[in-house]
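S.K.: Just passing along the structure, written as structure tokens.
The values are calculated or read from the model by the stated rules, or taken from the named source; none is laboratory data. Worth saying up front: this structure is predicted, and the values here are computed from it rather than measured. Here the Cβ positions follow ideal geometry from the backbone for every residue, glycine too, while neighbour counts run over all protein chains shown. In case anyone asks, the SASA skips ligands and DNA or RNA and just uses the protein heavy atoms, side chains included. Shrake-Rupley method; radii C 1.70, N 1.55, O 1.52, S 1.80 Å.
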Amino acid sequence: MPIVLTSLWLGVQLGCSPSTPFEGPAGKPTETFTDPGLRTTGASPTFQLWTIRGRYELPKTTLPEGYSPVSTFPLELSEARGSTGTHRHWQAPSPIDVKRFSPLGAPRGFEVFANDKPVRYAPNLAGQSYAVRKGRLLLSWPQDQPKPKVTVSYESVRERLLARDFGSDPGQDPFAFVRTDVTLFRQTRQGLVLPAPGIAEWDIVVPAGGRFEGWTAIAPLELANLRSDGAYVALSVIENGSSKPLDRRFVTPGAPFERWQVDLSTYAGRKVRLRLESEGYGTRDFDHVFVGSPTVWGDNVAPVRRVILIGLDTTRPDHFGFYGYDKPTTPKLDKVLAGSSVFVNAWTPAPRTRPSFRSSTTGRDPLNAVGATNIAEVFSAQGFATAGIVANIHLQPRFGFHKGFDEWQFDPEAQVDVQVDRALEFLARYPDRDLFLFLHIMDPHLMYRAPSRYERQFVTDPDPTLPNSFNRWTVNQWLKRGDLSEQRKAHIIGLYDAEMRFTDDHLGRLFDQIDRLGEPTLTVMHNDHGEEFFEHGGFEHNHTLYDDVTRGLLMFRSNAGQANTMRIETPATLMDIGPTLYAFLGLEEAKWPAVDGRNLKSLLLPPAEPKPWPERPIGIAHLRYGLEQWGVVHKGHKYIFETASGREELYDLATDPGEQVDLARKTGLEPWRKAASEAHNAKLARGWRINVALTASKDRSPFVLKLPKPALAALIVNPEAEIRNPANQVWGQSPRRTKADVGTVALSDDKKTLTFTPSSKAIVRGQIAVVFDLEIRPSEVILEREGQPLTVIMSRDRAIWRTKQDSMVVEASTVIAPPPSEIDRIRALEGEAQEMGENREMLKELGYVE
């Protein structure tokens with residue numbers, strides 16, 4: 001068996017020369033510099049200037065004289081066409097530069113008030129509403145009411161202006177001030193902003209063959225009438241007290257990022273001061289010159305290393321010929337897999353995009369991955385050029401996936417042909433630099449719109465009544481009504497297979513070029529989840545934890561591949577990608593960011609048949625559309641637990657890969673409960689489930705439960721866990737009920753007394769979970785209120801207290817004390833979740849919002 005991953009990857013060790021951070025005070029030149037942190041042990045010596053503290057001279061302000069930032073703007077309305085019998089349409093130029101926002105909806109935080117009352121956003125201007133079209137704000141207002149007084153509020157405008165005004169905070173750190181990211185035309189770049197007139201300087205020793213690169217733009221503002229009239233940016237070299245200009249260019253407001261390259265090879269081997277300078281043109285108002293990822297690098301001193309991570313959205317491994325599928329969906333990728341190391345027993349951590357890609361790009365469990373260091377940050381710190389090219393709305397910069405990437409191209413409308421073209425352009429752009437590329441392919445996801453020539457290949461018996469567009473909700477309605485014939489099911493699956501073949505053709509183009517790149521190139525390909533085609537009575541993904549939606553594709557491939565397939569049976573998960581890449585990078589484990597996955601490197605290298613690894617539980621969870629569930633793969637079985645009901649399932653994946661025979665009632669489940677607890681950092685065990693219903697009584701005095709044994713944990717069960725379509729809180733939807741609507745619980749210091757204080761709501765319904773470390777019968781509970789014992793009766797191993805209005809039922813059940821949720825972690829890091837805003841209509845079309 002040929003070696004899978006070449007010795008070049010094993011022998012290269014990375015690091016950086018020691019450095020002492022330096023910062024000169026703004027506006028005061030400093031003549032002494034220390035080593036700014038040259039990256040010297042990669043393919044080429046590299047200075048990533050935007051990550052290095054240097055000396056900065058910054059203007060106190062770029063605001064017009066006498067201008068004070070505001071966030072509320074009055075509008076002058078004029079009558080517009082399109083009035084209806086009941087409503088008149090008014091219009092006004094939008095004070096916000098709406099061209100920067102998606103046409104799908106209103107910008108986040110953008111509010112319209114008519115006569116001091118908020119007006120709802122409606123793209124079709126239905127009823128009393130507003131919309132933004134072609135730079136103008138349109139208002140639909142009742143015909144029988146006079147023209148209203150209208151204002152627009154947009155707090156982020158004021159915040160952005162103050163953030164760009166260096167003098168607004170006397171204690172501002174100039175290095176922190178200049179470092180930022182800017183988004184233009186769906187492309188986000190990391191770099192630095194130099195308000196004009198501004199200067200940034202660094203001392204460097206120019207490497208042999210030295211060259212400078214940056215990406216210039218005017219960092220935009222949201223206000224349509226506040227804009228720069230353009231500015232210049234210049235690069236010069238200061239040597240022995242003498243300054244020599246190298247290049248100067250004009251930066252046009254509103255233009256896309258423009259690549260800027262300057263040859264520095266004349267200064268090879270010489271210590272110089274590199275100066276980057278912004279200059280005003282006309283007025284200097286709002287001249288916020290941005291230079292993306294300004295970098296100096298030299299000729300190669302080692303082989304160029306390339307790491308390419310390909311994430312396939314909504315891709316079922318069993319629809320590949322490599323895995324035995326009987327249709328020609330993936331002939332090119334089958335050959336790629338046949339020349340790779342493939343983990344044939346892999347799982348995704350969730351049946352949906354955001355949690356899975358959080359794991360695959362950080363090496364962490366999906367919850368721990370919120371705010372965690374990602375792979376790009378690690379590679380960037382080693383001097384790699386980094387790029388992310390993505391198409392799923394959940395991978396946009398608002399969720400932090402772009403961190404560490406020099407450039408992040410988010411285009412939710414891009415198909416695989418465009419995505420591959422962009423990837424090939426990035427690979428060709430840096431033939432002499434180490435690089436890390438993350439490429440995301442969206443096509444196998446709904447809406448299943450491959451070119452017709454692919455559809456004809458796989459839809460052999462078309463259903464003439466199948467609509468051109470459908471999503472999860474429409475298919476689920478067909479299922480409920482019995483309108484989903486076998487012909488229609490086959491047509492839908494054929495559309496999916498057509499997307500797979502379309503994806504295969506263009507990824508084949510990408511791998512053809514990867515094969516020409518030479519050594520060392522390491523490619524990893526994985527999916528984020530699969531797709532259910534009615535195997536368990538449902539459709540699409542995000543609603544179960546079965547293998548049709550959680551079976552993983554995980555492939556590692558060195559250079560142009562190997563002669564034979566290496567199928568690795570050891571179970572793996574997407575969070576193993578991060579630590580494995582860090583190991584191949586040659587980075588000492590002590591310098592890795594925190595990871596939850598395993599380093600798979602030893603399985604990818606000789607001996608070809610490594611010793612079996614110790615068993616570990618692999619967690620699967622984080623549903624969006626089903627009742628909350630927690631799953632684990634362990635010892636050849638999959639265990640699934642449902643929070644709200646306590647229902648447990650167990651499947652033998654070797655004998656029952658379709659997960660149709662539930663063994664939960666025939667098997668002791670304690671080993672799998674412990675495995676699930678370990679996998680999810682939770683307490684999942686036998687305990688008590690207490691159902692509370694206080695429906696009419698006004699008495700909200702606490703209940704006290706005397707426990708026969710100390711409890712491990714007690715908590716209010718999240719009411720959202722009982723809803724099949726809970727609120728999408730990450731996108732700003734409010735839950736119907738919260739834990740606070742049920743009440744609060746508290747355990748005594750000895751953990752043997754539980755106090756439940758109901759909320760003040762008129763009706764209180766909910767669950768309390770009490771976790772023990774052994775089985776305890778509910779008959780042993782003692783229930784009190786205001787110091788008085790309450791009468792409890794036993795019925796079918798349940799302890800019941802009941803009045804005419806209220807009840808409390810204690811029953812033995814498997815329960816869970818889960819870890820903090822995704823929304824809890826986001827709020828802890830960033831505050832409130834962001835509204836859907838301009839993403840609302842796309843979220844609806846894709847089925848993410850009903």
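S.K.: Can you spot a residue in segment 476-487 that is part of a loop (DSSP other than H, G, I, E, B) and over 24 Å from ASN725 (Cα atoms)?
M.R.: For segment 476-487, residues part of a loop (DSSP other than H, G, I, E, B) and over 24 Å from ASN725 (Cα atoms): present.
S.K.: Please give the number of the condition TYR454 fails out of (1) in a loop (DSSP other than H, G, I, E, B); (2) at pLDDT 95 or above; (3) over 19 Å from HIS529 (Cβ atoms).
M.R.: (1)
S.K.: For segment 507-519, check the following and say yes or no: at least one residue is assigned to a loop (DSSP other than H, G, I, E, B) and in contact (Cβ under 8 Å) with a residue 24 or more places away in the chain.
M.R.: Yes: one or more hits.
S.K.: Taking interchain pairs and intrachain pairs at least six residues apart, which have beta carbon atoms under 6 angstrom, with the first residue in segment 623-652 and on the phi > 0 side of the Ramachandran plot and the second at pLDDT 95 or above and not in a strand (DSSP E or B)?
M.R.: GLY636/LEU653; GLY636/ALA654
S.K.: Let me ask something additional. I need the full set of residues from segment 125-155 which are among the small types (Gly, Ala, Ser), within 13 Å of ARG88 (Cβ to Cβ) and surrounded by fewer than 19 Cβ atoms within 10 Å (Cβ to Cβ), in order please.
M.R.: GLY127, SER129
S.K.: For SER236, only one of the following conditions fails: (1) closer than 19 Å to THR386 by Cα; (2) hydroxyl-bearing (Ser, Thr, Tyr); (3) in contact with a Leu (Cβ under 8 Å, 6 or more places away or on another chain). What is its number?
M.R.: (1)
S.K.: A follow-up question, please. Just to verify a result, which residue in segment 184-221, among those that are closer than 28 Å to PHE399 by Cα and in a loop (DSSP other than H, G, I, E, B), is modelled with the lowest pLDDT?
M.R.: Looking at residues that are closer than 28 Å to PHE399 by Cα and in a loop (DSSP other than H, G, I, E, B), I get LEU221.
S.K.: Any residue in segment 463-492 that's small (Gly, Ala, Ser): show its pairings with residues that are at pLDDT below 95 at Cβ separation under 7 Å, as long as the two are six or more apart or on different chains.
M.R.: Every condition considered, the pairs that remain are SER469/MET447.
S.K.: Is it the case that GLY241 is on the phi > 0 side of the Ramachandran plot and out of contact with any strand residue (DSSP E or B) (no Cβ under 8 Å at 6 or more places or on another chain)?
M.R.: So GLY241 passes the test.
S.K.: Could I ask something else about it? Identify the residue in segment 405-418 that is touching a residue at least 40 places away in the same chain (Cβ under 8 Å) and in a loop (DSSP other than H, G, I, E, B) and, among all such residues, is surrounded by the most Cβ atoms within 10 Å (Cβ to Cβ).
M.R.: If we take residues in segment 405-418 being touching a residue at least 40 places away in the same chain (Cβ under 8 Å) and in a loop (DSSP other than H, G, I, E, B), then PHE405 is surrounded by the most Cβ atoms within 10 Å (Cβ to Cβ).
S.K.: Among the residues of segment 727-751, how many are under 24 Å from the mean Cα position of the chain (by Cα), open to solvent by less than 30 Å² (accessible area, probe 1.4 Å) and touching a residue at least 40 places away in the same chain (Cβ under 8 Å)?
M.R.: 3
S.K.: Would you call THR544 in a loop (DSSP other than H, G, I, E, B) and surrounded by 21 or more Cβ atoms within 10 Å (Cβ to Cβ)?
M.R.: yes
S.K.: How do the helices (runs of 4 or more DSSP H) wholly within segment 271-382 filter down when requiring 3 or more residues that are touching a strand residue (DSSP E or B) at 6+ places or on another chain (Cβ under 9 Å), free of Cβ contacts under 8 Å to residues at least 60 places away in the same chain and open to solvent by less than 10 Å² (accessible area, probe 1.4 Å): which remain?
M.R.: Once the helices (runs of 4 or more DSSP H) in segment 271-382 are filtered for at least 3 residues that are touching a strand residue (DSSP E or B) at 6+ places or on another chain (Cβ under 9 Å), free of Cβ contacts under 8 Å to residues at least 60 places away in the same chain and open to solvent by less than 10 Å² (accessible area, probe 1.4 Å), nothing remains.
S.K.: So, ILE826, is that one out of contact with any Phe, Trp or Tyr (no Cβ under 8 Å at 6 or more places or on another chain), of a type in the set (Val, Ile, Thr) and modelled with pLDDT under 90 or not?
M.R.: Considered against the rule, which asks whether it is out of contact with any Phe, Trp or Tyr (no Cβ under 8 Å at 6 or more places or on another chain), of a type in the set (Val, Ile, Thr) and modelled with pLDDT under 90, ILE826 comes out as yes.
S.K.: A further question follows. Taking only segment 567-612 into account, find how many residues are in a loop (DSSP other than H, G, I, E, B), modelled with pLDDT of 90 or more and of a type in the set (Asp, Glu).
M.R.: 3
S.K.: Residues to consider are ASP443, ASP432, ASP504; find the one that is under 31 Å from the mean Cα position of the chain (by Cα), within 30 Å of SER44 (Cα to Cα) and either buried (at least 19 other Cβ atoms within 10 Å of the Cβ) or modelled with pLDDT under 95 (or both).
M.R.: Just one listed residue meets the conditions, ASP432.
Here's the yes/no breakdown for (1) in a loop (DSSP other than H, G, I, E, B); (2) at pLDDT 65 or above; (3) surrounded by fewer than 17 Cβ atoms within 10 Å (Cβ to Cβ):
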site: PHE33; (1), (2), (3): yes, no, no
site: GLY42; (1), (2), (3): yes, yes, no
site: THR61; (1), (2), (3): yes, yes, no
site: SER83; (1), (2), (3): yes, yes, yes
site: ALA92; (1), (2), (3): no, yes, no
site: PRO103; (1), (2), (3): yes, no, yes
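S.K.: Taking the options PRO123, PRO107, name whichever one is modelled with pLDDT under 85, over 18 Å from ARG160 (Cα atoms) and part of a loop (DSSP other than H, G, I, E, B).
M.R.: Every option except PRO123 fails the conditions.
S.K.: Testing LEU517 on (1) open to solvent by 10 Å² or more (accessible area, probe 1.4 Å); (2) at pLDDT 95 or above, one condition comes back false. Which one is that?
M.R.: Of everything listed in (1) open to solvent by 10 Å² or more (accessible area, probe 1.4 Å); (2) at pLDDT 95 or above, LEU517 misses just condition (2).
S.K.: Oh, and also: Does ASN240 fit the bill of being surrounded by fewer than 20 Cβ atoms within 10 Å (Cβ to Cβ) and under 36 Å from the mean Cα position of the chain (by Cα)?
M.R.: Considered against the rule, which asks whether it is surrounded by fewer than 20 Cβ atoms within 10 Å (Cβ to Cβ) and under 36 Å from the mean Cα position of the chain (by Cα), ASN240 comes out as no.
S.K.: Something else: Taking segment 609-665 only, how many residues are within 22 Å of TYR323 (Cα to Cα), surrounded by 14 or more Cβ atoms within 10 Å (Cβ to Cβ) and of a type in the set (Asp, Glu)?
M.R.: Matching residues across segment 609-665 total 3.
S.K.: Across segment 156-183, what is the number of residues that are in a helix (DSSP H, G or I) and open to solvent by less than 50 Å² (accessible area, probe 1.4 Å)?
M.R.: 9
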